[in-house]
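The structure appears right after this line, and notes come after that.
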Amino acid sequence: MEPNRDKAEANLLNLLIVDDERSIREGCRDVAQGIGYSTYIADNAEHAFRVLDTTSIDVVLLDLRLPGLGGLEVLKEVKRRRPETVVIGSLLHRCTATARSVSGHDNDYGSGVGV
């Protein structure tokens with residue numbers, strides 16, 4: 001496919017990023033917007049449900065270790081409210097902690113790039 005066509009097709013999708021870590025939310029949002037997705041972010045389950053109630057969301061990128069109402073419970077509720085929505089579970093914060101530990105640096109690997 002042509003690069004411009006790929007970007008135009010991506011614009012048709014609304015992505016909700018649910019993660020309690022700001023650097024991960026913002027990093028994922030920046031990448032997704034860079035390739036043309038309409039993005040929404042939420043830092044907890046309640047915020048995510050408010051977005052789902054008011055916006056047509058196609059894909060949810062969900063932190064499975066979300067504090068409070070856990071990721072699996074959020075996944076079940078998303079599928080109950082919007083069965084057609086694709087949910088992708090993520091453990092990115094585990095990857096960033098591991099990268100920091102292995103490298104011995106406290107760099108922000110929020111995007112998961114190079115990890």
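The values are calculated or read from the model by the stated rules, or taken from the named source; none is laboratory data. Because the structure is predicted, anything quoted here is derived from the model rather than measured. Glycine gets a Cβ as well: all are built from the backbone with ideal geometry, and neighbour counts include every protein chain shown.
When restricted to residues that are assigned to a loop (DSSP other than H, G, I, E, B) and out of contact with any helix residue (DSSP H, G or I) (no Cβ under 7 Å at 6 or more places or on another chain), segment 15-31 contains 1.
Flag set for E21, criterion: at pLDDT 90 or above and out of contact with any Cys (no Cβ under 7 Å at 6 or more places or on another chain). Restricting segment 47-83 to residues that are within 20 Å of R22 (Cβ to Cβ) and of a type in the set (D, E, K, R) leaves a set whose member that is surrounded by the fewest Cβ atoms within 10 Å (Cβ to Cβ) is R50. In segment 52-70, the residue that is nearest to S90 (Cα to Cα) out of those that are out of contact with any Ser or Thr (no Cβ under 7 Å at 6 or more places or on another chain) and of a type in the set (D, E, K, R) is R65. Taken over segment 32-46, the residue count meeting the criterion of being outside any loop (DSSP other than H, G, I, E, B) and either without any contact (Cβ under 8 Å) to a residue 12 or more places away in the chain or touching a Gly at 6+ places or on another chain (Cβ under 9 Å) (or both) is 4. Residue count for segment 49-70 under the criterion of being touching an Asp or Glu at 6+ places or on another chain (Cβ under 9 Å) and either within 22 Å of L12 (Cβ to Cβ) or not in a loop (DSSP other than H, G, I, E, B) (or both): the result is 6.
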